[in-house]
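Quick notes on the structure that follows.
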Amino acid sequence: MIAAIDSHVFNNVRSHLGDEVFESIVTQFNKETSQLVQQLRLAFTQNDTSRIQLLGYKLKTLSQQVGATRLAQLACQLSNSTLQTVLPAIQAEYYHVVYWLNEHYLTQRA
């Protein structure tokens, strides 16, 4: 199984940007990603293909910024025809990423 976070990418971005900027990226990820998953469900029920693609792009970008490689890969697979099968995987991976961030980053910041 692929780790929730690619620690090499995570540490590289963190050291390059500095703790203050990186903390804002993690905060943005935590805030926006759960909203994106909810919006994806709604876009699917409305059969809104362009919205699904836009939300998938946003999810991919946010995920890449924190090193959530698997989540970014899943976001790339999003389309109207795949959403029903990919969305549960996205939700599960999102929880893995949040758990990893809580265990390895956010608890260190407290």
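The values are calculated or read from the model by the stated rules, or taken from the named source; none is laboratory data. Quantities reported herein were computed from a predicted structural model and do not represent experimental measurements. All Cβ positions, glycine included, derive from the backbone under ideal geometry; neighbour counts span all protein chains shown. Protein only, heavy atoms only, side chains kept; ligands, DNA and RNA dropped before computing areas. Shrake-Rupley method; radii C 1.70, N 1.55, O 1.52, S 1.80 Å.
Looking only at residues in region 27-47 that are without any contact (Cβ under 8 Å) to a residue 12 or more places away in the chain and open to solvent by less than 100 Å² (accessible area, probe 1.4 Å), which one is farthest from Gln84 (Cα to Cα)?
Thr27
I'm trying to understand the selection: among the residues of region 73-85, which are surrounded by fewer than 20 Cβ atoms within 10 Å (Cβ to Cβ) and within 14 Å of the chain's Cα centre (by Cα)?
Gln73, Cys76, Gln77
Out of the residues in region 86-110 meeting the condition of being β-branched (Val, Ile, Thr) and closer than 19 Å to Gln35 by Cα, tell me which one is most open to solvent (accessible area, probe 1.4 Å).
Val98
Can you tell me how many residues in region 75-86 are modelled with pLDDT under 90 and of a type in the set (A, V, I, L, M, F, W, C)?
Residues that pass the stated criteria total 2.
List the residue pairs whose Cβ atoms are under 8 Å apart, where the first residue sits in region 1-24 and is among the charged types (D, E, K, R), the second is in a helix (DSSP H, G or I) and surrounded by 12 or more Cβ atoms within 10 Å (Cβ to Cβ), and the two are 6 or more positions apart or on different chains.
Partner pairs satisfying both residue conditions: Asp6/Thr69; Arg14/Phe22.
Open to solvent by less than 70 Å² (accessible area, probe 1.4 Å), more than 9 Å from the chain's Cα centre (by Cα) and closer than 19 Å to Tyr99 by Cα: does that describe Ser24?
yes
Restricting attention to region 39-93, which residues are small (Gly, Ala, Ser) and either outside any helix (DSSP H, G or I) or within 25 Å of Val13 (Cα to Cα) (or both)?
Passing the criteria: Gly56, Ser63, Gly67, Ala68, Ala72, Ala75, Ser79, Ser81, Ala92.
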